[in-house]
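Please read the structure below before turning to the comments.
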Amino acid sequence: MNFKSKLPGIGTSIFAVMTEMANRYNAINLSQGFPDFDVSPELIDLVNHYMKKGFNQYAPMPGVFELRKSISEKISQLYNHYYNPETEITITAGATQALYTAISVIVNSGDEVIMFEPVYDSYAPAVLANGGKPDFIKLKQDDFSIPWDEVEKRISERTKAIILNSPHNPTGKIISKDDLIRLENLLKNRNIFLISDEVYEHIVFDSKKHISICESEILSKKSFVISSFGKTFHTTGWKIGYCAAPEFLTKEFRKIHQFIVFAVNTPIQYAYVDFLKNPDNYLTVNEFYQKKRDYFRDKILQSRFRILNTEGTYFQLLDYSAISDKNDIEFSEYLTKEIGVAVIPLSPFYNSEYDERIIRICFAKRDEILNKASEKLIKV
Ligand code: PMP
Ligand code: GLN
């Protein structure tokens with residue numbers, strides 16, 4: 001058969017590759033980002049309750065209305081922006097589907113989309129599959145902040161959108177008020193959309209506050225704001241997320257959404273409605289993860305890894321240049337196979353040549369797992 005791949009340069013996601021390697025070599029898996037904590041028994045009971053009560057058929061295409069309403073209220077309270085739950089919020093099968101759908105809405109053949117390296121792995125393939133061209137800009141090397149002057153220079157009439165991720169996977173960097181202002185100035189008179197990936201909105205440390213793109217009246221009018229319950233409630237396997245966007249964008253978003261999944265898991269949507277009624281269920285997550293971050297950092301303080309700053313997410317970057325000259329893929333394989341700790345190399349987050357000695361670990365693990373892993377890492 002004559003067949004041309006839509007994604008010829010794309011292999012299997014590094015997260016799947018490293019988890020498979022961790023399992024094969026029986027290594028502690030600090031690679032793919034997922035928590036190993038129990039889900040709240042209350043949330044499990046709620047899902048059970050709605051399943052037993054018969055909430056087992058298709059949800060409405062845009063999502064259960066009560067859930068859209070509680071998301072709208074939560075966003076209003078936290079970020080002071082009102083989204084109409086009827087016309088501006090859509091429940092998706094995780095953030096991944098929301099990102100893919102939003103990209104499909106705006107990207108046409110030849111359109112360029114600016115994204116920042118290190119970049120989360122799903123953005124560029126989604127742009128390519130829609131005939132667009134990813135335009136990669138490297139975050140500043142010293143502190144992973146956004147080089148706004150370069151962004152300004154890079155924008156052209158082909159630039160259709162910018163994809164932003166804060167808190168940022170894998171660096172843990174969060175955007176500041178200054179970033180928001182720079183972005184407003186850059187986009188206010190331009191026909192450029194924004195896709196804001198905010199899945200780690202509830203994992204921010206050191207009394208800092210997550211800034212949502214919807215806090216800006218200028219930006220919210222041209223943005224898809226995307227989040228996911230998986231990170232907040234230790235439920236990455238349930239794959240429920242959402243997209244908030246102005247009505248004209250949501251209308252198009254739903255046209256595509258309905259033919260990708262139509263609707264997502266019904267009983268879990270109802271369970272989240274009840275669970276979101278208690279704001280403590282999400283407002284305490286920052287503190288929970290800050291303790292985890294500090295616990296892990298403390299444990300590996302005596303190792304030869306250099307611990308980079310992390311302001312949010314459940315990821316920690318480690319510089320191993322004092323330990324080895326191996327490139328990051330080889331070093332990650334070595335740690336997995338020989339040391340028994342699986343990690344993520346950073347080069348797959350780059351499109352161009354990358355030769356730093358940095359790896360990413362996920363600290364969303366029980367203390368005993370972090371203890372075992374750090375004992376091994378200290379010996380490297
Ligand atoms: N964006 C980022 C930055 C992520 O790290 C992840 C997943 N870990 C996602 C999107 C995807 O989220 P979901 O699992 O809800 O699809
Ligand atoms: N986003 C998670 C990570 O960064 C993994 C999600 C996935 O496996 N696609 O590790």
Open item on the list: Between the range 203-255 and the range 129-144, how far is it from one alpha carbon centroid to the other, in angstrom?
Closed with: 20
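Run through the range 141-205 and list the GluC sites (Glu not before Pro) located in a DSSP loop whose Cβ has at most 16 other Cβ atoms within 10 Å. Mind dumping the intermediate values first?
Details: sites: Glu150, Glu152, Glu157, Glu184, Glu198, Glu201; in loops: Glu157, Glu198, Glu201.
Of the GluC sites (Glu not before Pro), the ones in loops of the range 141-205 whose Cβ has at most 16 other Cβ atoms within 10 Å are Glu157.
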Open item on the list: Nothing charged except the Cβ atoms of Lys and Arg (+1) and of Asp and Glu (-1): what's the magnitude of the dipole of the range 1-159 about its Cα centre? Round to the nearest 20 debye.
Closed with: 560
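If you build the Cα gyration tensor of the range 84-231 and take the root of 5 times each eigenvalue, what three semi-axes come out, in whole angstrom, biggest first? Please list the in-between numbers first.
Working: eigenvalues 83, 75, 50 Å².
Semi-axis lengths for the range 84-231 are 20, 19, 16 Å.
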TODO: Mark the label point 7 Å from the Cα of Tyr58 along Cα→Cβ and return the residues of the range 249-267 whose backbone N is within less than 19 Å of it.
DONE: 251-267
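Counting other Cβ atoms within 10 Å, keep those with at most 12, restrict to DSSP loop, and tell me which trypsin sites (Lys or Arg not before Pro) in the range 19-64 are left. Numbers along the way, then the final one.
Values: sites: Arg24, Lys52, Lys53; in loops: Lys53.
Hits after loop and neighbour filter: Lys53.
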Task: Of Ile268, Ile218, Leu186, farthest towards positive along the dipole that unit charges on Lys, Arg, Asp, Glu beta carbons give the range 183-305 - done: Leu186
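For every other residue with a beta carbon closer than 14 angstrom to the beta carbon of Leu249, add +1 if it is Lys or Arg and -1 if Asp or Glu, then tell me the sum.
Values: positive: Lys160, Lys221, Lys222, Lys251, Arg254, Lys255; negative: Glu88, Glu247, Glu252.
Cβ neighbours under 14 Å give a net charge of +3.
With 10 angstrom as the radius, rank Leu318, Leu139, Leu377 by how many other C-beta atoms surround their C-beta, starting from the fewest.
Working: Leu318 20, Leu139 17, Leu377 25.
Ranked by crowding around the Cβ, least crowded first: Leu139, Leu318, Leu377.
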Task: Residues with amide H under 5 Å from that of Gln32, placed H, sequence gap 5 or more - done: Thr19
TODO: Would you count, across the range 1-142, every pair of lysines whose alpha carbons are under 28 angstrom apart, provided the pair is eight or more residues apart or spans two chains?
DONE: 7
Open item on the list: 5 Å is the cut-off here: which amide hydrogens, built 1.01 Å from N in the peptide plane, fall below it relative to Thr92, excluding neighbours closer than 5 in sequence?
Closed with: Gly241, Tyr242, Cys243
Open item on the list: How long are the semi-axes of the equivalent ellipsoid of the range 301-344, defined as square roots of 5 times the Cα gyration tensor eigenvalues? Whole Å, largest first.
Closed with: 19, 13, 10
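Rounded to the nearest 20 Debye, what is the dipole magnitude of the chain about its Cα centre when Lys and Arg each give +1 and Asp and Glu each give -1 at the C-beta? Walk me through the numbers on the way to the answer.
Numbers: 46 positive and 49 negative charges, 113 e Å.
Rounded to the nearest 20 debye, it is 540 debye.
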Task: Sorted largest first, extent of the range 95-161 alpha carbons per principal axis (Å) - done: 33, 27, 13
- [ ] Order by neighbour count: Val261, Val343, fewest other Cβ atoms within 10 Å first, most last.
- [x] Val261, Val343
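From the alpha carbon gyration tensor of the range 323-362, can you work out the equivalent ellipsoid semi-axes (sqrt of 5 times each eigenvalue) and give them in Å, largest to smallest? Could the numbers behind the result be given before it?
On the way: eigenvalues 61, 25, 11 Å².
Sorted largest first and rounded, they come to 17, 11, 7 Å.
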- [ ] Amide H neighbours of Lys173 under 5 Å, at least 5 residues apart or on other chains, H built in the peptide plane: list them.
- [x] His168, Glu311
Open item on the list: Compute the distance from the alpha-carbon center of the range 151-189 to that of the range 317-380, in whole Å.
Closed with: 29
Open item on the list: With only alpha-carbon pairs counted, each pair once and no self-pairs, how large is the Kirkwood hydrodynamic radius of the range 249-380 in angstroms?
Closed with: 17.7
Open item on the list: With θ taken as phi - 60° and the coefficients 6.51, -1.76 and 1.60, list the Karplus ³J(HN,Hα) couplings across the range 249-262 in order, rounded to whole Hz; mark glycine and proline as x.
Closed with: 7, 4, 4, 6, 4, 5, 4, 7, 3, 5, 9, 9, 10, 6
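For a distance above 32 Å, tell me the whole-number percent of Cα pairs in the chain that qualify.
Numbers: 23931 of 72010 pairs.
Roughly 33 percent, rounded to a whole number.
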Open item on the list: I need the phi-derived Karplus couplings for the range 89-100: 6.51 cos²θ - 1.76 cosθ + 1.60, θ = phi - 60°, integer Hz, Gly and Pro marked x.
Closed with: 10, 10, 8, 10, 7, x, 5, 4, 5, 5, 4, 4
TODO: Could you state the orientation-averaged shadow area of the convex hull built on the Cα atoms of the range 1-158, in nm² to one decimal?
DONE: 15.9
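For the range 49-124, what mean projected area does the convex hull of the alpha carbons give, in nm²? Intermediate values should be presented prior to the final figure.
Details: hull surface 30.8 nm².
Dividing the Cα hull surface by four gives the mean projection, 7.7 nm².
Per DSSP helix of 4 or more residues, -39500 (n - 2.57); summed, then divided by the residues of the chain. What does that give at 222 nm, rounded to the nearest 500?
Numbers: 15 runs with 146 residues, N = 380.
Using -39500 (n - 2.57) per qualifying helix, the result is -11000 deg cm²/dmol.
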- [ ] Please find, in a Gaussian network model of the chain (springs between Cα atoms separated by less than 10 Å), the residue of Gln269, Gln258, Gln32 whose mean-square fluctuation is greatest.
- [x] Gln258
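Every read-out reported here was derived from the displayed coordinates using simple, explicitly stated rules and does not represent laboratory data. Treat the numbers as computed from the prediction; the structure is a model and nothing was measured. Positions of Cβ are backbone-derived with ideal geometry, glycine not excepted, and every protein chain shown enters the neighbour counts.
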